[in-house]
Amino acid sequence: MVEQRPVHNSEVYLISQPPFPAIPPPSPPSPITPADDELCSPITRLSLDEPAIAICDERLLALEGRLSTAVHVIHTQTTALQCVTALYSTDRTARDGFSRAVEAITRRQGDKGRHGKLVVIGVGKSGHIAKKLVATFNSLAIQAVFLHPTEALHGDLGQIGPNDTLLLITFSGKTPELLTLLPHLDKALPLILLTSHTRPDTCELIRYRPDTILLPAPIHEPETKSFGVSAPTTSTTVAITIGDALAIVASQELHPSVASVFAKNHPGGAIGAALRRPHEDTVRHLAVPLDEVAYIDPAPSTTTTGADVLRAGYASPSGWVGLKRSGGGVVSPSQIRRLSSADLVRCVHELGWMVTSKSDYISIAANTTVRSAAEWIRSALRGEVGCTEHSVIAVMENGECIGLLEVGTLLEAASAQGARFGS
């Protein structure tokens with residue numbers, strides 16, 4: 001016998017009082033069964049990966065990290081240069097060393113009878129710095145050569161002449177190759193050392209050669225601390241900067257017009273093309289504007305000395321100095337360089353050779369070509385009109401003086417143009 005069980009369905013009956021019958025509500029619709037040849041819509045798979053915006057954030061963070069590191073390197077090297085600037089502005093040892101280094105170079109380069117040159121020595125990164133500085137010195141008409149210390153011990157010592165000046169570059173101050181070479185260098189030759197040391201007593205190389213001229217090029221913190229690696233970076237930047245400063249200052253003291261000698265030695269490339277612009281063929285370009293002349297205006301009871309002129313020339317943007325008292329007139333950079341130690345304590349009126357009054361100016365029109373002006377000046381030099389290479393030219397326009405120019409500067413510019421154009 002089959003057991004009877006209750007039948008289960010989804011119908012719900014509403015119970016009401018007669019005479020209303022119990023009416024079942026409609027059943028919910030059943031889902032449509034897809035045909036066999038139709039595909040069901042796939043269920044979207046839940047992804048556990050990072051969203052796309054997170055990937056973009058990672059790339060932006062990587063880019064920001066890259067640029068942040070670059071800015072840190074630039075800032076570190078800028079800070080190092082600021083520290084070196086402060087050092088040479090205030091430290092007596094650094095200032096004295098730089099001054100002595102300039103004198104050592106200019107004294108032997110400027111003496112035509114000696115024909116000395118600058119020999120720059122270094123190895124490794126310092127060797128690369130040395131080669132760069134040699135190129136800079138030569139372009140500024142200061143004869144220089146590079147000497148590798150190892151090659152020097154194998155015959156290249158013959159490059160060094162009896163009137164040369166030596167410049168050694170070593171950050172540590174104890175590079176083995178330089179210490180090995182040192183005993184073989186002529187002690188009669190001036191020796192300049194470009195190094196991180198700021199005091200002579202801390203440098204091993206100077207202990208072997210106490211008369212060495214110290215040219216400090218320190219960095220404010222080790223490169224390992226700055227970048228996590230001891231690769232020469234900040235130290236090379238500082239060394240090149242001090243070397244460039246030495247080259248510029250020495251060239252300014254040797255040549256009345258650094259721009260002229262540079263144009264002569266650098267005719268090629270974009271720089272050479274810029275130096276050949278047409279307007280530069282006139283004396284207007286060579287003239288020093290009057291607003292770049294620094295004037296000394298002391299109190300009536302004050303006496304102006306040679307030292308006052310030297311101090312004003314150092315501060316002047318052009319090197320020219322004007323006198324509002326003591327008879328007036330101007331003092332050119334080449335005349336200031338001729339001041340001796342004894343002249344520094346003398347009154348300006350006792351140094352008549354140094355000051356050029358307005359009545360002694362040689363007037364030349366601003367649109368006169370350099371070549372024509374130089375030809376006229378050369379004829380004046382051969383005559384008896386009192387014209388010398390230190391004479392002052394007043395560059396005139398519309399009857400007014402717009403600038404000043406030394407005869408020596410004009411002649412150098414004309415010679416540079418002649419060499420450049422083969423005339």
What figure, in Å² to the nearest 10, do you get for the accessible area of E350 with a 1.4 Å probe and non-protein molecules left out? 110 Å²
Between A342 and R311, the FRET efficiency computed from the C-beta separation at R0 = 22 Å comes out, to the nearest 0.05, as 0.85
What is the extension gain from H154 to D57, computed as 0.36 nm multiplied by their sequence separation minus the C-alpha to C-alpha distance, in nm to one decimal? 29.0 nm
Computed accessible area, F146, all protein chains, 1.4 angstrom probe, square angstrom: 50 Å²
Computed over region 332-397, the convex hull of the Cα set has an average projected area, in nm², of 5.4 nm²
For region 180-219, averaging the sequence separation of alpha carbon pairs under 8 Å that lie six or more residues apart and dividing by its residue count, the contact order in percent is 47 percent
Would you check the accessible area of E204, probe 1.4 Å, heavy atoms only, in square angstrom rounded to 10? 60 Å²
When the solvent-accessible surface of protein heavy atoms is calculated with a 1.4 angstrom probe, in what order do R100, R382, R92 fall, highest first? R92, R382, R100
Given R₀ = 35 Å, what would the calculated FRET efficiency be for L67 paired with T90, taking r from the Cβ atoms and rounding to 0.05? 0.50
Show the residues, 5+ positions off or on another chain, whose built amide H is closer than 5 Å to the amide H of I296. G322, L323, K324
Full-stretch length increase - S172, T369 - with 0.36 nm per residue and alpha-carbon distance subtracted: 65.7 nm
Would you please put 258-264, 157-163 in order of how densely packed they are, using the mean number of other Cβ atoms within 10 angstrom per residue and starting with the highest? 258-264, 157-163
Quick one: order Y295, Y208, Y88, Y314 from most to least accessible surface, probe 1.4 Å. Y314, Y208, Y295, Y88
Of the options V145, I129, I160, report the single residue whose Cα projects farthest towards the positive end of the charge dipole of region 109-164 (beta-carbon charges: Lys, Arg +1; Asp, Glu -1). I129
For region 121-158 and region 356-396, what is the separation of their C-alpha centers, rounded to whole Å? 40 Å
So what's the net charge close to V119: Lys and Arg +1, Asp and Glu -1, counting the other residues with Cβ under 13 Å from its Cβ? -1
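The values are calculated or read from the model by the stated rules, or taken from the named source; none is laboratory data. If you're wondering where the values come from, they're calculated on a predicted model, not measured in any experiment. We place every Cβ from the backbone using ideal geometry, glycine too, and count neighbours over all the protein chains shown. Side chains included, ligands, DNA and RNA excluded: accessible areas come from the protein's heavy atoms. Shrake-Rupley method; radii C 1.70, N 1.55, O 1.52, S 1.80 Å.
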